[in-house]
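Before any comments, here is the structure.
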Amino acid sequence: MKSPTAVTGAASGLGAAVAARLRAESRPVIGLDMKEADGVDVVADLGTPEGRAHAIAEVESMSGGALDGLVSCAAASPIHPDPAIVISVNHFGALAMLDGLLHCLRLGHAPAAVAISSIGSVAGPFDDMLTRTVLAGDEELARAAAADGTDYRSAIAYNSAKVGVALGVRSRAALWAAEGVRLNCVAPGRMETPMLDGLVADPVIAAGLEEMPTGIRVSATPREIGGAVVFLLGPDASFVHGQVLFVDGGVEAELRPDQF
């Protein structure tokens, strides 16, 4: 019998799309979100240590201690009113779920995990000091650095957090390989979700989005991005580990044509 895949951020957007694709393949799913919704089995706030501990304990209990997959997808928006929450959910919460459920993944069949970064991890805008603070791993210091009172700090915090997720996956590759668990990262481009609706409603952020390359087309559906996530969880990706996959229609390649 298959063990479940836990998906955070399962109430809407990419998390909901990934969960739906997995269920369509008859794969059991444990959905997590900070709010009750269809497909959400565990309600927890990943922006707090207590919420993360609750989420991990509930997943462990509901899965019987074994997971075949984990998708760390929950995220606070770049226009969230509190940039400290953006840092806590998008970086520290995302990585805490990976670390806290590794012991369950070890007991799964061909286990794999995927964390979600963003095209924002390379497109910016950035505050280099904030990014360094996030990467140093001190959550309280990073929260204080994020909430400095200047304009659009949540957008900057979002990008710094997503840099941290991508590098967090890379830095865990050796340890997770030794444990027999594959770990990869998907960095979506512009995606048609409620989060995007909020971004384009802000004239300054909308103007920044319009200046970005469009790649093969302007945006993707959550189902399209979800296809890449499900691929990385499955047997066709059995030799893919420690990678950051940009699923963005080619935007990252246009932004950084001389890097790979």
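Things worth noting here:
- Some residue of segment 186-202 being surrounded by 15 or more Cβ atoms within 10 Å (Cβ to Cβ), of a type in the set (A, V, I, L, M, F, W, C), touching a Phe, Trp or Tyr at 6+ places or on another chain (Cβ under 8 Å) and in a helix (DSSP H, G or I): no
- Annotation note: of Gly93, Gly100, Gly164, Gly51, the sole residue that is in contact with an Asp or Glu (Cβ under 6 Å, 6 or more places away or on another chain) and not polar (S, T, N, Q) is Gly51.
- In segment 231-260, the residues that are of a type outside the set (Asp, Glu), in contact with a Gly (Cβ under 9 Å, 6 or more places away or on another chain), touching a residue at least 60 places away in the same chain (Cβ under 8 Å) and in a helix (DSSP H, G or I): Leu233, Val251
- The residue of segment 25-49 that is surrounded by the most Cβ atoms within 10 Å (Cβ to Cβ), among those that are assigned to a loop (DSSP other than H, G, I, E, B) and aliphatic (A, V, I, L, M), is Leu46.
- Given (1) open to solvent by 10 Å² or more (accessible area, probe 1.4 Å); (2) assigned to a helix (DSSP H, G or I); (3) in contact with a Phe, Trp or Tyr (Cβ under 7 Å, 6 or more places away or on another chain), index of the condition Ala57 fails: (3)
- Restricting segment 151-167 to residues that are touching a strand residue (DSSP E or B) at 6+ places or on another chain (Cβ under 8 Å) and crowded, with 24+ Cβ neighbours inside 10 Å, the residue that is nearest to His80 (Cα to Cα): Lys162
- Selection of segment 85-126 for residues being open to solvent by 40 Å² or more (accessible area, probe 1.4 Å), at pLDDT 95 or above and in contact with a helix residue (DSSP H, G or I) (Cβ under 7 Å, 6 or more places away or on another chain) yields Arg106, Ala110.
- Within segment 62-83, if we keep just the residues that are part of a helix (DSSP H, G or I) and touching a residue at least 60 places away in the same chain (Cβ under 8 Å), the residue that is farthest from the chain's Cα centre (by Cα) turns out to be Ser63.
- Applying a threshold of 8 Å to beta carbon distances and a minimum spacing of six or more residues, or different chains, the list of pairs starting in segment 122-150 at a residue that is among the acidic types (Asp, Glu) and ending at one that is open to solvent by less than 30 Å² (accessible area, probe 1.4 Å) reads Asp127/Ile156; Asp127/Ser160; Glu139/Ile87; Glu139/Ser88; Glu139/Phe92.
- Counting the residues of segment 203-222 that are open to solvent by 40 Å² or more (accessible area, probe 1.4 Å) and outside any loop (DSSP other than H, G, I, E, B) gives 5.
- Test for Ile225: is it in contact with a Pro (Cβ under 8 Å, 6 or more places away or on another chain), closer than 19 Å to Ala6 by Cα and either in a helix (DSSP H, G or I) or not hydrophobic (A, V, I, L, M, F, W, C) (or both): yes
- Among (1) closer than 23 Å to Gly13 by Cβ; (2) open to solvent by 10 Å² or more (accessible area, probe 1.4 Å); (3) out of contact with any Phe, Trp or Tyr (no Cβ under 7 Å at 6 or more places or on another chain) - the single one Glu252 does not satisfy: (3)
The values are calculated or read from the model by the stated rules, or taken from the named source; none is laboratory data. None of the values given here were measured: they were computed from a predicted structure. No Cβ is skipped: glycine too gets one built from the backbone with ideal geometry, and neighbour counts run over all protein chains shown. Just the protein is used for accessible areas: all its heavy atoms, side chains included, with ligands, DNA and RNA removed. Shrake-Rupley method; radii C 1.70, N 1.55, O 1.52, S 1.80 Å.
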